[in-house]
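The values are calculated or read from the model by the stated rules, or taken from the named source; none is laboratory data. What you see is a predicted model; the values in this text were computed from it and never measured. Note that we place each Cβ from the backbone using ideal geometry, even for glycine, and neighbour counts take in every protein chain shown.
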Amino acid sequence: MKGAMTKKGRVESYYAGAYWGPRKETPEECARRTADFLNFLEGCDPFLAEWYKPAKSLKEARKHPLMPPDSATLTELFRAGVNRADAGGIIERLGFSFWFDNGGPDGDVAELRIHCGSYSDAVPNSCVMTLPRKGQHAERLLTVQVLTEVVRGMVPSWGPDWAFATSYAYYQEHRKAASDPFSLGWVTYLSDRLGSVPPLPAPVRVESVGDKGTLIVLTPERFTASNQDHVALADRVRELLDRAGMLKPLQAQQ
């Protein structure tokens, strides 16, 4: 499938994200989780096996690889990504963050944005991976097989309340409310902390993720916001999850 078109005629782009509630962690702990996830991605697909420190240019970035992950390097990157008050002091409760990519050209690149260690309701923790929107890598990565593995890999690395892979167009066009933190994806993970997944209609596939939670796969083919059957199915599944009480705010964790 060559990229699906949105209502405005643009090719749909996709991303995967994991989200969890307040959880106080040190830069070292955030670095360990990041290293675990990068090591997982290396075995998931060759395109996700190279990552580089933030830099002003692609040429400069390639001089500073993050693979194999080095805990000391990742820790310093998180330390540099603190939030500061106007007076310059560190706001510890807001956690740490940094952004980096895998060095691909415009449009054919994967990016990771990580925010970890926040124990404030004002700033949720997350790991969001933007996927390539064109080129040979996009055609290979934007499949249910690869994205299911990516979402599965987010679970042991980040311990999220929920995670998903979906299209930006679907999220933007069908989000229930601007204040609603939850989005259903083509592939969605829900932690057992949120409750039990109810029976869902075909062709939805439901799988357990160890003793952590449940994975929901809406369709075997690429999910798109331009396919009304896909949208109707997503709306129905969301309705059933809501009735089951699973669409809760992110849960505070110890």
Does region 69-85 contain at least one residue that is hydroxyl-bearing (Ser, Thr, Tyr), touching a strand residue (DSSP E or B) at 6+ places or on another chain (Cβ under 6 Å) and free of Cβ contacts under 8 Å to residues at least 60 places away in the same chain?
no
Of the listed residues (62, 79, 113, 84), the one being modelled with pLDDT of 95 or more and among the basic types (Lys, Arg) is 113
Of 169, 202, 225, 177, the only residue that is touching a His at 6+ places or on another chain (Cβ under 8 Å), modelled with pLDDT under 95 and not β-branched (Val, Ile, Thr) is 225
Top-ranked residue in region 210-254 [being within 24 Å of residue 158 (Cα to Cα), out of contact with any strand residue (DSSP E or B) (no Cβ under 7 Å at 6 or more places or on another chain) and of a type in the set (Gly, Ala, Ser); ranked as surrounded by the most Cβ atoms within 10 Å (Cβ to Cβ)]
252
Enumeration of residues in region 117-167 that are surrounded by 22 or more Cβ atoms within 10 Å (Cβ to Cβ) and in a loop (DSSP other than H, G, I, E, B):
117, 118, 131, 132, 142, 160, 161
Conditions (1) farther than 28 Å from residue 95 by Cα; (2) surrounded by 17 or more Cβ atoms within 10 Å (Cβ to Cβ); (3) of a type in the set (Val, Ile, Thr): number failed by residue 206
(2)
Has region 55-63 got any residue that is out of contact with any helix residue (DSSP H, G or I) (no Cβ under 9 Å at 6 or more places or on another chain) and among the hydroxyl-bearing types (Ser, Thr, Tyr)?
yes
Return the residues of region 199-212 that are over 19 Å from residue 146 (Cα atoms) and under 19 Å from the mean Cα position of the chain (by Cα); say none if nothing qualifies.
212
